[in-house]
Amino acid sequence: MRELKQEAQIVEQTATVSGLSMDGDKTVANGPDLADRNLRRSIAYCDGLIDILCAYFDVSGRAIRSPKRQSLAVARVRQIGMYVANVVLGINMTTIGHGFGRNKSTVIHACHLIEDMRDDEEFDQIIARLEAIVHAAFKFSLAEDNLGDKR
């Protein structure tokens, strides 16, 4: 019963951060709070990035979004996503944590790990290709929002 209450609280917090009501309908933004809008927008970018990761690496979106531990393959894809969210989209690590359902220290670990793994030429090419795809997918939104690296 305690676990069910904790899961309900997590769902409610995620819905609040995402600007959703519990029944899935969009709610009206809480005033013109720019920081709140930027947070919701960045989390939406993470969600779009997760969709790209699922297609690119052929993994389940449910597995990537799951708050529970997953296989090494799923965890690695999630780590790559966190890295790309930071490097290409320019999202800060705390917000990436919210977007991927993890905490900031997990995001920091993922970014350091993927950066170190890029020493392998083949892995670096895979990440570079993914970065190009993500940049192309989000380039107009990033230009409007003044987020991320403008190439």
Taking Lys and Arg as +1 and Asp and Glu as -1, residues besides residue 108 with C-beta under 15 Å from its C-beta add up to +1
Sequence order, the range 89-106: Karplus ³J(HN,Hα) from phi using 6.51 cos²θ - 1.76 cosθ + 1.60, θ = phi - 60°, Hz rounded, Gly and Pro as x, gives 8, x, 7, 6, 5, 5, 5, 4, x, 4, x, 9, x, 10, 9, 4, 5, 5
Any residue on another chain or 5+ positions along whose placed amide H is under 5 Å from the amide H of residue 118 is listed here as none
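Using Cα-Cα distances under 8 Å and only pairs 6 or more residues apart, what relative contact order does the range 44-145 have, in percent?
Relative CO of the range 44-145 lands at 25 percent.
If each residue of separation counts as 0.36 nm, what is the full-extension length gain between residue 38 and residue 60 once their alpha-carbon separation is subtracted? Walk me through the intermediate numbers first.
Working: separation 22, 0.36 × 22 = 7.92 nm, distance 2.70 nm.
Value of the extension gain: 5.2 nm.
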The whole-number value in µm²/s of the Stokes-Einstein translational diffusion coefficient for the range 44-119, with Rh from the Kirkwood sum over alpha carbon pairs at 20 °C and 1.002 mPa s, is 179
The simple spin-label model distance between residue 133 and residue 52, using points 7 Å out along Cα→Cβ, in nm, is 0.9
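Quick one: order 135, 112, 98 by neighbouring beta-carbon count within 10 Å, fewest to most.
112, 135, 98
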Rounded to the nearest Å, the spacing of the alpha-carbon centers of the range 107-124 and the range 41-55 is 19
Fewest to most Cβ atoms within 10 Å: 107, 74 sort as 74, 107
Fewest-first ordering of 115, 121 by Cβ atoms within 10 Å yields 121, 115
Under the 7 Å Cα-to-Cβ spin-label approximation, residue 69 and residue 122 lie apart by a distance in nanometres of 2.8
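Bear in mind these aren't lab numbers, they're just calculated from the coordinates by the rules spelled out. Because the structure is predicted, anything quoted here is derived from the model rather than measured. Using ideal geometry, Cβ is built from the backbone for each residue, glycine included, and neighbour counts are taken over all protein chains shown.
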